[in-house]
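> Before we start, here is the structure in question, set down as structure tokens.
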Amino acid sequence: MKILFIYPNIGQPYTIHHGIASLSAILKKNGHKTRLLIVNIESYATVKKAILKQAPDILCFSIVSNYWEFSCELAAKIKNDFNISIFAGGMHCSLFPESFTQDSAIDGICIGEGEIALLELIERIDGKKDYQDVNNFWFKGDKGIVKNEIRPLISNLDVLPYPDRDIFYDSNQNKSIRFIFSRGCPYNCTYCSNKAYKELNRGKGEIIRIRSVENVMLEIEKIVECYQPETLVFDDDCFNKNRKWFKEFVKKYKENNFQHFRCNTRPELVSEEDIKLLKEAGCQQINIGIESGDPEIRKNVLNRHMSDEQIINAFRLARKYNIQTYSFNMIGIPGESIENFRKTININRIIQPDKMQLSIFHPYPGTELARICKEQGLISKKNVYNYFYSTYLRLNSFSNFRILINKIFFQFNVYRIKSLGKAIYYLISDLRKYFRFLKSK
């Protein structure tokens, strides 16, 4: 069968979607054909043209919450013009399945891991067999929504084929290639879906699973040979969360003499031993989440139990071993004031990361912090696609205008004391990005 994946990604950077890549790989392995349509503008004509050209048998949406309404509207237009089955998956479907209704143009949604479930669904449809009992799926039935059970988690990730990057990259897009080696996170940050996802899969197996180092090395070798990238990017939330695996990985990576790489971790996981191992293996950049420079906001609002000293020490160690640093930060957090946010500026002034990201907080449905925001009446009704310049919230202590101004001037304020030239360079860059964003709306 021919499956067309539709990936709404309006206003966001272009990058691989690991979930779609994995789904496509298992379908291709079993003889099906897949294509991808990335929807980056709100134009139905573009989507209609792609469907006419590809002539797929089935459409599969991958949806996060800020694209749910848009995806439903798009699916309705497609259903009106094409006699085609439409299914959806993604984190929104897993954590907020009740948004799927009988009058939706979508025929079914996948809840939880999709590889085995989607393959079974496609095989049933291809064989003209009934599929209403496929686990992990909810379907529209004659008497209402059919809600099937969630199947056990895939315990051994090595059984899955390597993700299909061909639908995202071509041979000319080789500057950096992204990987993910694990599933699950040991932490329960209130703004993240991990806690809700653990509850969803309670009793279905181990949440945290990691592919074997041997399996990972074979994939890297294959991708390096195919794409010849300059840099590899490892997107796992906490790259060194499993110390035994981590030590084996850096040893084998060093032996293979692969390209420089970038990875993510948390301040409390950073030790001098780990930083030294990363450097020896070829780590070029380490990305570390700070989110808020205010210890009380981190602890009581975000459930991130790390001290300023741990944050400062992590960046100090990276600098000691000449590894570039990238800090993740948020603004517009519930309960945050301008005084709280100034602490985020101040801690970044101390650590002086080589690069920074400042996102405006987004209350994703299913997360603990989204529930609190809803209870406190903080969520506005407007639709937001881009969480770098727009907000869903109305904060009494921090107006949307002040959030936006502090967002644009963030890098300038961090760098201006120690390097005015660098600060001005980033201010000009951030202003240009914002004006491009306004132009694209």
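> Is region 40-99 rounded, prolate or oblate when judged by the Cα gyration tensor, a ≥ b ≥ c being the square roots of its eigenvalues, rounded requiring a/c under 1.5 and prolate requiring a/b larger than b/c?
Prolate.
> Among L232, V213, W245, whose Cα projects farthest towards the positive end of the dipole of region 210-253, with charges put on the beta-carbon of Lys, Arg (+1) and Asp, Glu (-1)?
After comparing all options, I get W245.
> Quick one: grab Rg to one decimal and Dmax as a whole number for region 223-367, Cα atoms only, in Å.
Taking only Cα atoms of region 223-367, I get Rg and Dmax of 16.3, 51 Å.
> With every protein chain kept in place and ligands, DNA and RNA left out, what is the accessible area per residue of the chain? Probe 1.4 Å, answer in Å².
47 Å²
> Could you compute the net charge surrounding I338? Neighbours are other residues with a C-beta less than 14 Å from the C-beta of I338; K and R count +1, D and E count -1.
Counting the neighbours of I338, the net charge comes to +1.
> Of the heavy-atom accessible surface of region 78-201 (probe 1.4 angstrom), what whole percent is carbon and sulfur?
Carbon plus sulfur share of accessible area: 47 percent.
> Can you figure out the FRET efficiency of R342 with N135, using R₀ = 45 Å and their beta-carbon distance, to the nearest 0.05?
0.35
> Assign one of three labels to region 1-123, namely rounded, prolate or oblate, based on the Cα gyration tensor with a ≥ b ≥ c the square roots of its eigenvalues; rounded applies when a/c is under 1.5, prolate when it is not and a/b is larger than b/c, and oblate otherwise.
Note, shape of region 1-123 comes out rounded.
> With every protein chain kept in the model, how would you rank K343, K222 by accessible area, 1.4 Å probe, largest at the top?
Largest accessible area first, the list is K222, K343.
> Compute the orientation-averaged projected area for the chain from the convex hull of its Cα atoms and round it to one decimal in nm².
21.5 nm²
> Ignoring ligands, DNA and RNA, what percent of the 1.4 Å accessible area of region 273-383 is carbon and sulfur?
Carbon-and-sulfur percentage of accessible area, whole number: 48.
> Could I ask something else about it? Would you list the P(r) distribution for region 165-280, with all Cα-Cα distances sorted into 5 Å bins from 0 and each bin expressed as a whole %?
2, 10, 19, 21, 18, 14, 11, 5, 0
> Go through H305, I145, I338 and say which Cα lies farthest out towards the positive end of the charge dipole of the chain; charges sit on Cβ, +1 for Lys and Arg, -1 for Asp and Glu.
I338
> A further question follows. Compute the helix-to-body angle for 308-320: its Cα long axis versus the longest principal axis of the chain, expressed 0 to 90° and rounded to tens.
Helix 308-320 sits roughly 90 degrees off the main axis of the chain.
> Given K49/K147; K79/K222; K222/K355; K175/K433; K299/K374; K29/K279, which pairs have Cα atoms separated by over 28 Å?
Result: K49/K147; K79/K222; K222/K355; K29/K279 exceed 28 Å.
> Summarise the long-distance tail of P(r) for region 111-213 by giving the % of C-alpha pairs beyond 22 Å.
It works out to 49 percent of all Cα pairs.
> I would also like to ask the following. What do the square roots of 5 times the Cα gyration tensor eigenvalues come to for region 297-349, in whole Å, largest first, as semi-axes of the equivalent ellipsoid?
Its equivalent ellipsoid spans semi-axes of 23, 12, 9 Å.
> Tilt of helix 68-81 relative to the longest C-alpha principal axis of the chain, in degrees (0 to 90, nearest 10)?
Its long axis makes an angle of about 30 degrees.
> Something else: Calculate how steeply helix 213-227 sits against the longest principal axis of the alpha-carbon atoms of the chain, using the helix alpha-carbon long axis, and give the answer as 0 to 90 degrees to the nearest 10.
Helix 213-227 and the main axis of the chain meet at about 90 degrees.
The values are calculated or read from the model by the stated rules, or taken from the named source; none is laboratory data. Note that the coordinates shown come from a computational prediction; the quantities given were computed from them, not determined experimentally. With ideal geometry, Cβ positions are generated from the backbone for all residues, glycine too; neighbour counts draw on all protein chains shown. Just so you know, the surface numbers come from the protein's heavy atoms only, side chains and all, with ligands and any DNA or RNA stripped out. Shrake-Rupley method; radii C 1.70, N 1.55, O 1.52, S 1.80 Å.
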